[in-house]
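Engineer: Okay, handing you the structure first.
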Amino acid sequence: MARMRSSAEIREGFLSFFEEKGHLRRPSASLVPRSDDRSTLLTTAGMQPQMPYFLGRETPPGPLTTTAQKCFRTPDIDEVGLDTFHLTFFEMLGNFSFGQYFKEGAIEYATEFVQNRLGFDWDRIWVSVHAGDPELKLGPDQVAIDLWEKIGMPPERIVPLPTSENFWHVGGPGPCGPDSELYYDFGEAAGCGEADCQPGCTRCERFLEFWNLVFMAYELHADGTLTDLPKQNVDTGLGLERTARIVQGVPSVYDTDGYQTIMQWVAANSGVAYGDSTDATKAHRVLADHGRGMTFLVGDGITPSNEGRGYVLRRIIRRAAQHGMRIGMQPPFLAGLSDAVIEQMGGAYPELVEHRREIHTVLSAEEERFGETLERGMKLFEEAAAHGEITGDDAFTLQATYGFPIELTQELARERGLGVNDEEFTKLMEGHREISRQTSGAKVDIRFPGSRKTEFVGYERMEVLTAIVAYADLGDGLFQAKLEQSPFYPAGGGQVSDTGTIEKDDGTRADLVEVLRLESDQELVFRGTGFAEGDRVKAVVPRSVRFPTMANHTATHLLHECLREVLGEHVKQAGSAVRPDKLRFDFTHPQALSAEERADVERRVNERVFANLPVRIFETPIDEARKLGAMMLFGEKYGDIVRVVDIDGWSVELCGGTHVRSTAEIGPFVILGEASVGAGSRRIEAVTAGEAFALLEERAREAEELRAELGRARKETKKPEAAAQYAITDRVDGVVFAETSDLQPGPLRDLSDRIRQQEKADGAIVSSITDDRVHFVVNLAESIGVDAAALANEMGQIVGGRGGGKPTLAQAGGNKLDAIPQAIAAGKQAFA
Ligand SMILES: [Zn+2]
Ligand SMILES: [Zn+2]
């Protein structure tokens, strides 16, 4: 048997070895965990996507499976680059047995693979087993010890370790069991020399754990007791990067072949070789690891933001950009870095090749955004550093104004041996969040795991007589519940959750506050009292909510196809928000639409509406849908059976949303505006049906008034006062950013009202330069939850002045005109 050498050979060798042993090879699951898995932000282990099978909630695709899983660990981000082994992104190879073989099979397969396929020197392999635990009423794992001895492992290389090391559980009640880990011994010279040096030694790195075999035998209950699982399962995880390091006999994971294309690219583009200096070594490692991480995260549909997964992505992009520039790389270079990653990994992960364009767009846009402020931010950092300490205020300004994630500031400070006042920073940050973001009530999480699945009837009906099958009081007049049948659509595929009510016979009512989507199930949060488990209720989505949502969703599909007709096939959906009052559609396109293009798109959509095309919806295997040429959306996860929305064979998309039955129901379609959302992406907002009619009516009335005014003006032979002109520069989350000129604060306020009305925006931030001074007006609906006065003041200070006003309408001014972009960026940050 040929020995495996390269990372690709190890990956393929592992998967085909287990295929030979009857395992079904499955593709890697997404780095975004399933919506019913809230244990981690990102997938951290190969077994994580298998949990529904181990828990018995779903049937596995086969009794034996094997995968190479993309994994990402967030706690390690700041450690990457400092040593030879920390990684955020890595690959885990695994074999899984659902009620088939147990300890014996797992140990035999592992031994055969290590001896015959990896060709490791058996004398260098040690294993650990569970030492037992009186609290769990378990003795040492004698079965595993006997099996290892039987297969030829000398007893002195079988090391019992405590529960903290060798007992696997989900972190609470659930399946669990002892595990057994395989270690590679780098020899005495690599060790600490102490008599008790063995696997698990914390003083040295002589022993490297590379494979963990988990024997899932028990269920852990809330009271701490164990019972036997009905079926015993096996899951294993072999770290690909570590194994490659051993096979290739290199000193670190970064020296394995799996990073070489990327490292060479870094060396060629910086002119600095790996190992040239401490800075170079660190930068190479950071770019190699984060380059892989960012490429895979974007490849799975994640985009940078200030929260959750998006923030993880933002941190590694900005950290990589900063380290790249430090060794002389000229931005923009992240798209090039991602190409090196795709070259290295695209063979095993074709989704990277498929989404190359989106990966480039997202990375370049974020790099550009960061680049705009990096230099000024570094200047501020150096000034602060010169005072010997980074105050909380400095750290706050760096984050809020210059987009330096706090972790980056901390890292820069650490490198100079300086402290950061974290406490003060946290306090300022909390204050800032309170001003700029409205937190929507109670923290909502799954409360009824393992309960009966709710039947979703919302595709056919807006009203159903049903029963509450699970109930939990959340306090503050809120409760969480499950219904036997539900008409409520849970947010997904760009469409927002329905709103609605449940009502008992006696008239007791509760309003729906939130719908939690759980893969193919849902839980609901209501505001109201007087309900209990077992109650019969009428669940209703008002037609006034659902119908316009359906019209907007179907219109979104028409818009998508018409954009492709007018602008070209490169147009790809990059996000959408379908709400009852309007629709928003983001797409890839390099420049603004011309007035003609915009009018052409609008006209084509309306023609499709007037043609009254039938909308056909059906479910089919994914391969059939591909044959139909169905549009698959970037960043969406699809099951084996998909739902197809087919509009007269002309627009065919996979979609789980609610739609009208024929396009005429959409009524008029009117584009509200078109704007940039980062490099290479555009956004269109539009209205349909009743909203569109109201808008058209309003426009007609305004035109009528204008005509009347013009008439009067002519009679008086006086020039009418022309309405101020303005240009929309951006839209962020329903807030329009616009500029005009030569307007004093008073007329500027009137203009901001007019812009909000004309653009149907929840808010408008308008700037005007007059007499070498800039004025801002911040005009926001209360529902946005951002304090206009605080925001105006923040923007005013940036331009060297101040601001204030009411929570919904405020103004600011200053004379530092070159700081205007920065002030506007700070304004956008409040809504991003
Ligand atoms: Zn040691
Ligand atoms: Zn759709």
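The values are calculated or read from the model by the stated rules, or taken from the named source; none is laboratory data. Since the structure is predicted, the reported quantities are computational estimates derived from the model, not experimental observations. Heads up, the Cβs are rebuilt from the backbone with ideal geometry, glycines too, and the neighbour counts pull from every protein chain shown. Ligands, DNA and RNA are excluded from the accessible area calculation, which covers all protein heavy atoms including side chains. Shrake-Rupley method; radii C 1.70, N 1.55, O 1.52, S 1.80 Å.
Engineer: Can you find even one residue in the stretch 168-187 that is more than 22 Å from VAL234 (Cβ to Cβ), in a loop (DSSP other than H, G, I, E, B) and away from ligand 1 (no atom under 16 Å from the Cβ)?
Structural biologist: Here is the first cut: in the stretch 168-187, the residues more than 22 Å from VAL234 (Cβ to Cβ) are 185-187.
Applying the additional criterion that residues be in a loop (DSSP other than H, G, I, E, B) yields 186-187.
Of the ones still in play, those that are also away from ligand 1 (no atom under 16 Å from the Cβ) are none.
No, every residue in the stretch 168-187 fails to be more than 22 Å from VAL234 (Cβ to Cβ), in a loop (DSSP other than H, G, I, E, B) and away from ligand 1 (no atom under 16 Å from the Cβ).
Engineer: Moving on. Within the bounds of the stretch 568-577, is there any residue that is free of Cβ contacts under 8 Å to residues at least 40 places away in the same chain, aliphatic (A, V, I, L, M) and either assigned to a helix (DSSP H, G or I) or closer than 24 Å to VAL457 by Cα (or both)?
Structural biologist: Within the stretch 568-577, not a single residue is free of Cβ contacts under 8 Å to residues at least 40 places away in the same chain, aliphatic (A, V, I, L, M) and either assigned to a helix (DSSP H, G or I) or closer than 24 Å to VAL457 by Cα (or both).
Engineer: Condition check: more than 31 Å from the chain's Cα centre (by Cα), away from ligand 1 (no atom under 16 Å from the Cβ) and of a type outside the set (Asp, Glu). Does THR227 satisfy that?
Structural biologist: Values: more than 31 Å from the chain's Cα centre (by Cα): yes; away from ligand 1 (no atom under 16 Å from the Cβ): yes; of a type outside the set (Asp, Glu): yes.
Considered against the rule, which asks whether it is more than 31 Å from the chain's Cα centre (by Cα), away from ligand 1 (no atom under 16 Å from the Cβ) and of a type outside the set (Asp, Glu), THR227 comes out as yes.
Engineer: Could you count how many residues in the stretch 721-751 are open to solvent by less than 20 Å² (accessible area, probe 1.4 Å) and over 21 Å from GLY803 (Cα atoms)?
Structural biologist: The total comes to 2.
Engineer: Name the residue that is farthest from ligand 2 (Cβ to nearest atom), counting only residues in the stretch 654-669 that are over 26 Å from the mean Cα position of the chain (by Cα) and of a type in the set (A, V, I, L, M).
Structural biologist: Among residues in the stretch 654-669 that are over 26 Å from the mean Cα position of the chain (by Cα) and of a type in the set (A, V, I, L, M), the one farthest from ligand 2 (Cβ to nearest atom) is ALA664.
Engineer: Could you grab the pairs with beta carbons closer than 6 Å, sequence gap of 6+ or different chains, first residue in the stretch 601-612 and farther than 14 Å from SER662 by Cβ, second one surrounded by fewer than 19 Cβ atoms within 10 Å (Cβ to Cβ)?
Structural biologist: VAL601/VAL566; GLU602/ILE671
Engineer: Find all pairs meeting these conditions: Cβ atoms under 8 angstrom apart; at least six residues apart or on different chains; first residue within the stretch 177-200 and free of Cβ contacts under 8 Å to residues at least 24 places away in the same chain and within 18 Å of ALA131 (Cβ to Cβ); second residue in a loop (DSSP other than H, G, I, E, B) and more than 16 Å from ligand 2 (Cβ to nearest atom).
Structural biologist: Sorted first by the residue in the stretch 177-200, then by its partner, the pairs are CYS197/GLY191; CYS197/ARG203; CYS197/CYS204; CYS197/ARG206.
Engineer: Out of the stretch 661-676, which residues are open to solvent by 20 Å² or more (accessible area, probe 1.4 Å), touching a Phe, Trp or Tyr at 6+ places or on another chain (Cβ under 9 Å) and of a type outside the set (D, E, K, R)? Give the derivation first.
Structural biologist: Step one: of the stretch 661-676, the residues open to solvent by 20 Å² or more (accessible area, probe 1.4 Å) are 661-662, 664-665, 668, 674, 676.
Now drop any that are not touching a Phe, Trp or Tyr at 6+ places or on another chain (Cβ under 9 Å), which leaves 664-665, 668.
Correct list: ALA664, PRO668.
Engineer: Please go through the stretch 460-480 and pick out each residue that is in contact (Cβ under 8 Å) with a residue 60 or more places away in the chain and either among the polar types (S, T, N, Q) or over 10 Å from ARG447 (Cα atoms) (or both). Reasoning before the result, please.
Structural biologist: From the stretch 460-480, those in contact (Cβ under 8 Å) with a residue 60 or more places away in the chain are 462-471; that's our starting set.
Across the stretch 460-480, the qualifying residues are MET462, GLU463, VAL464, LEU465, THR466, ALA467, ILE468, VAL469.
Engineer: Here's another thing I want to ask about it. Going through the stretch 110-146 one residue at a time, which ones are over 18 Å from ASN233 (Cα atoms) and assigned to a loop (DSSP other than H, G, I, E, B)?
Structural biologist: LEU118, GLY119, PHE120, ASP121, ALA131, GLY132, LYS137, GLY139, PRO140 - these are the residues of the stretch 110-146 that are over 18 Å from ASN233 (Cα atoms) and assigned to a loop (DSSP other than H, G, I, E, B).
Engineer: Next question. Scan the strands (runs of 3 or more DSSP E) fully inside the stretch 619-716 and keep the ones with 1 or more residues being among the polar types (S, T, N, Q). Give the steps one after another, and end with the answer.
Structural biologist: On the way: elements: 641-647, 651-654, 669-676, 681-688.
Per the criteria, 651-654, 669-676, 681-688.
Engineer: If you don't mind, there's one more thing I want to ask. Just to verify a result, which residue in the stretch 493-512, among those that are surrounded by fewer than 21 Cβ atoms within 10 Å (Cβ to Cβ) and over 18 Å from ARG461 (Cα atoms), is nearest to ligand 1 (Cβ to nearest atom)?
Structural biologist: Restricting to residues being surrounded by fewer than 21 Cβ atoms within 10 Å (Cβ to Cβ) and over 18 Å from ARG461 (Cα atoms), the top hit is GLY493.
Engineer: Let me ask something else. Being open to solvent by 30 Å² or more (accessible area, probe 1.4 Å) and among the charged types (D, E, K, R) is the filter here; which residues of the stretch 84-113 pass it?
Structural biologist: GLU104, GLU108, GLU112
Engineer: Tell me, which residue of the stretch 201-222 that is open to solvent by 40 Å² or more (accessible area, probe 1.4 Å) and more than 16 Å from VAL170 (Cβ to Cβ) is nearest to ligand 2 (Cβ to nearest atom)?
Structural biologist: Filtering the stretch 201-222 for residues open to solvent by 40 Å² or more (accessible area, probe 1.4 Å) gives 202-203, 205, 209, 218-219, 221-222.
Next, only the ones that are more than 16 Å from VAL170 (Cβ to Cβ) stay: 202-203, 205, 209.
Details: THR202: 53, ARG203: 57, GLU205: 51, GLU209: 46 Å.
Checked the stretch 201-222; the qualifying residue nearest to ligand 2 (Cβ to nearest atom) is GLU209.
Engineer: Within the stretch 223-245, which residues are in a strand (DSSP E or B), of a type in the set (Ser, Thr, Tyr) and open to solvent by 10 Å² or more (accessible area, probe 1.4 Å)?
Structural biologist: Initially, the stretch 223-245 is screened for residues in a strand (DSSP E or B), giving 226-239.
If we keep only those that are of a type in the set (Ser, Thr, Tyr) too, we end up with 227, 236.
Scanning the stretch 223-245 gives a single hit, THR227.
Engineer: Just to be sure, is PHE488 part of a loop (DSSP other than H, G, I, E, B), open to solvent by less than 30 Å² (accessible area, probe 1.4 Å) and either more than 25 Å from PRO449 (Cβ to Cβ) or not basic (Lys, Arg) (or both)? Talk me through it step by step, then tell me what you get.
Structural biologist: Numbers: part of a loop (DSSP other than H, G, I, E, B): yes; open to solvent by less than 30 Å² (accessible area, probe 1.4 Å): yes; either more than 25 Å from PRO449 (Cβ to Cβ) or not basic (Lys, Arg) (or both): yes.
Criteria met by PHE488.
Engineer: So, one more: So which residues in the stretch 393-410 are buried (at least 19 other Cβ atoms within 10 Å of the Cβ) and either touching a residue at least 24 places away in the same chain (Cβ under 8 Å) or of a type in the set (D, E, K, R) (or both), if there are any at all?
Structural biologist: Within the stretch 393-410, ASP394, ALA395, PHE396, GLN399, THR401, TYR402, GLY403, PHE404, PRO405, LEU408, THR409, GLN410 qualify.
Engineer: Can you find even one residue in the stretch 198-212 that is modelled with pLDDT of 90 or more, farther than 17 Å from TRP122 by Cβ, assigned to a strand (DSSP E or B) and away from ligand 1 (no atom under 16 Å from the Cβ)?
Structural biologist: yes
Engineer: Only one residue in THR499, THR554 is over 23 Å from the mean Cα position of the chain (by Cα) and assigned to a loop (DSSP other than H, G, I, E, B). Which one?
Structural biologist: Details: THR554 fails: assigned to a loop (DSSP other than H, G, I, E, B).
The unique qualifying residue is THR499.
Engineer: A further question on this structure: Pull out all pairs, ordered by first then second residue, where Cβ-Cβ is under 7 Å, the residues are six or more apart or on different chains, the first lies in the stretch 618-633 and is of a type in the set (Val, Ile, Thr), and the second is assigned to a loop (DSSP other than H, G, I, E, B) and open to solvent by 50 Å² or more (accessible area, probe 1.4 Å).
Structural biologist: Listed pairs, sorted by first residue: ILE622/TYR638; ILE622/ASP640.
Engineer: Residue under question is GLY528, and the condition is that it be open to solvent by 10 Å² or more (accessible area, probe 1.4 Å), on the phi > 0 side of the Ramachandran plot, away from ligand 1 (no atom under 16 Å from the Cβ) and touching a strand residue (DSSP E or B) at 6+ places or on another chain (Cβ under 9 Å); does it hold? Please lay out each step first, then the result.
Structural biologist: Values: open to solvent by 10 Å² or more (accessible area, probe 1.4 Å): yes; on the phi > 0 side of the Ramachandran plot: yes; away from ligand 1 (no atom under 16 Å from the Cβ): yes; touching a strand residue (DSSP E or B) at 6+ places or on another chain (Cβ under 9 Å): yes.
Considered against the rule, which asks whether it is open to solvent by 10 Å² or more (accessible area, probe 1.4 Å), on the phi > 0 side of the Ramachandran plot, away from ligand 1 (no atom under 16 Å from the Cβ) and touching a strand residue (DSSP E or B) at 6+ places or on another chain (Cβ under 9 Å), GLY528 comes out as yes.
Engineer: When ARG754 is evaluated against the numbered criteria (1) assigned to a helix (DSSP H, G or I); (2) open to solvent by 60 Å² or more (accessible area, probe 1.4 Å); (3) touching a strand residue (DSSP E or B) at 6+ places or on another chain (Cβ under 8 Å), which criterion, by number, is the only one it fails?
Structural biologist: Only one criterion in (1) assigned to a helix (DSSP H, G or I); (2) open to solvent by 60 Å² or more (accessible area, probe 1.4 Å); (3) touching a strand residue (DSSP E or B) at 6+ places or on another chain (Cβ under 8 Å) is unmet by ARG754, namely (3).
Engineer: Also: If the requirement is being among the aliphatic types (A, V, I, L, M) and either touching a strand residue (DSSP E or B) at 6+ places or on another chain (Cβ under 6 Å) or open to solvent by 10 Å² or more (accessible area, probe 1.4 Å) (or both), which of these qualifies: VAL298, VAL286, VAL253, VAL272? Steps first, answer last, please.
Structural biologist: Numbers: VAL298 fails: either touching a strand residue (DSSP E or B) at 6+ places or on another chain (Cβ under 6 Å) or open to solvent by 10 Å² or more (accessible area, probe 1.4 Å) (or both); VAL286 fails: either touching a strand residue (DSSP E or B) at 6+ places or on another chain (Cβ under 6 Å) or open to solvent by 10 Å² or more (accessible area, probe 1.4 Å) (or both); VAL253 fails: either touching a strand residue (DSSP E or B) at 6+ places or on another chain (Cβ under 6 Å) or open to solvent by 10 Å² or more (accessible area, probe 1.4 Å) (or both).
Residue meeting the stated conditions: VAL272.
Yes/no matrix, rows are residues, columns are (1) open to solvent by 40 Å² or more (accessible area, probe 1.4 Å); (2) closer than 17 Å to GLU685 by Cα:
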| residue | (1), (2) |
| --- | --- |
| LEU563 | no, yes |
| ALA574 | yes, yes |
| VAL578 | no, yes |
| PRO590 | yes, no |
| GLU607 | yes, no |
| ILE622 | no, no |
| VAL645 | no, no |
| LEU654 | no, no |
| HIS659 | no, no |
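Engineer: Please find, within the stretch 312-339, the residue that is most open to solvent (accessible area, probe 1.4 Å) out of those that are among the small types (Gly, Ala, Ser) and in contact with a Leu (Cβ under 9 Å, 6 or more places away or on another chain). Write out each step before concluding.
Structural biologist: We begin by selecting, within the stretch 312-339, every residue among the small types (Gly, Ala, Ser); these are 320-321, 324, 328, 335-336, 338.
With in contact with a Leu (Cβ under 9 Å, 6 or more places away or on another chain) added as a condition, the list becomes 320-321, 324, 335, 338.
Values: ALA320: 0, ALA321: 1, GLY324: 0, ALA335: 24, SER338: 1 Å².
In this case the residue turns out to be ALA335.
Engineer: Let me ask something else about it. Pick out, from the stretch 3-109, the strands (runs of 3 or more DSSP E) lying fully within it that include 2 or more residues that are within 25 Å of VAL341 (Cα to Cα) and touching a helix residue (DSSP H, G or I) at 6+ places or on another chain (Cβ under 7 Å).
Structural biologist: Working: elements: 24-26, 64-72, 89-98.
Counting at least 2 such residues, we get 64-72, 89-98.
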